Amino acid sequence: MAPHERRADLIRTALRVFARRPPGDVTPEEVAEEADVSRALVYRYFPNMAELRRAALEQAMAELMPRLAPPADLPPLEQLRVALRTFVDFADSYAPSYAALLNGGSVIATEETEAEIDRVREGVRRLILERVGIGEPSPRLLLALRCWVSAVETAVMFWLRERAMSRDELADWLLDQLTAMLAAAGGPQEELDRLAARIT
């Protein structure tokens, strides 16, 4: 393989392994065995596991964001429902890694990974606001959306552990939480009326 192809292949391999085991527990030897290459080759492209974990996270996040943008011709509520189901499926496919990333004390939760996750959070907030036609949200609305995104992350983490409801039930419950949080957020009446008309 060309160098860029080999590097991309090692990242894809690491993601497959991270889908089965917490990234902090994975060794270069495991990635090498999965990729059918030598340990030395893994280190040639990634001097340590932190570098490989970061590259894998960037790749996973790059794949996630386009998938979170549902068809624009759907009603806004259905767009959110589709995006939530997509996110839950994504988290489920990387369950060990998802839990580790949200655990601030874990070996893989670093300032750099947090910054990468924050970029996704910001992208989700921006996508919601664009789809409901609000260019300059009030501070109250922005805070409500930030809290809701955090609630989604936490709820999905508990769901992965307990699976007390179906994926679709979880998505619907999270939509109910968004509606309730927006109703309680306050802010300009025109902004609230527009939101209510678009997502309920």
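The values are calculated or read from the model by the stated rules, or taken from the named source; none is laboratory data. This one's a predicted model, so the numbers in the text were calculated from it and none came from an experiment. Glycine also receives a Cβ, built like all others from the backbone with ideal geometry; neighbour counts cover every protein chain displayed.
Structural remarks
- Test: residue in the range 73-87 that is more than 30 Å from Thr179 (Cα to Cα), in contact with a helix residue (DSSP H, G or I) (Cβ under 7 Å, 6 or more places away or on another chain) and either free of Cβ contacts under 8 Å to residues at least 24 places away in the same chain or part of a helix (DSSP H, G or I) (or both): no
- Selection within the range 29-69: residues that are free of Cβ contacts under 8 Å to residues at least 40 places away in the same chain and outside any helix (DSSP H, G or I). The member of this set that is farthest from the chain's Cα centre (by Cα) is Ser38.
- Residues of the range 114-166 satisfying the condition of being loosely packed, with under 15 Cβ neighbours inside 10 Å, modelled with pLDDT of 90 or more and either touching an Asp or Glu at 6+ places or on another chain (Cβ under 9 Å) or outside any helix (DSSP H, G or I) (or both): Arg163, Ala164, Met165, Ser166
- Among the conditions (1) surrounded by 14 or more Cβ atoms within 10 Å (Cβ to Cβ); (2) farther than 28 Å from Ala171 by Cβ; (3) not aliphatic (A, V, I, L, M), the only one that Glu29 does not satisfy is (1).
- If the condition is being polar (S, T, N, Q) and either within 18 Å of Phe87 (Cα to Cα) or without any contact (Cβ under 8 Å) to a residue 12 or more places away in the chain (or both), then the range 124-183 contributes Ser150, Thr154, Ser166, Gln177.
A quick yes/no check of all residues on (1) assigned by TED's automatic domain parsing to the domain that holds Val152; (2) at negative phi:
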position: Thr13; (1), (2): no, yes
position: Val17; (1), (2): no, yes
position: Asp36; (1), (2): no, no
position: Val42; (1), (2): no, yes
position: Ala50; (1), (2): no, yes
position: Glu63; (1), (2): no, yes
position: Asp73; (1), (2): yes, yes
position: Leu80; (1), (2): yes, yes
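- Test for Ala8: is it modelled with pLDDT of 90 or more, hydrophobic (A, V, I, L, M, F, W, C), surrounded by fewer than 16 Cβ atoms within 10 Å (Cβ to Cβ) and in a helix (DSSP H, G or I): yes
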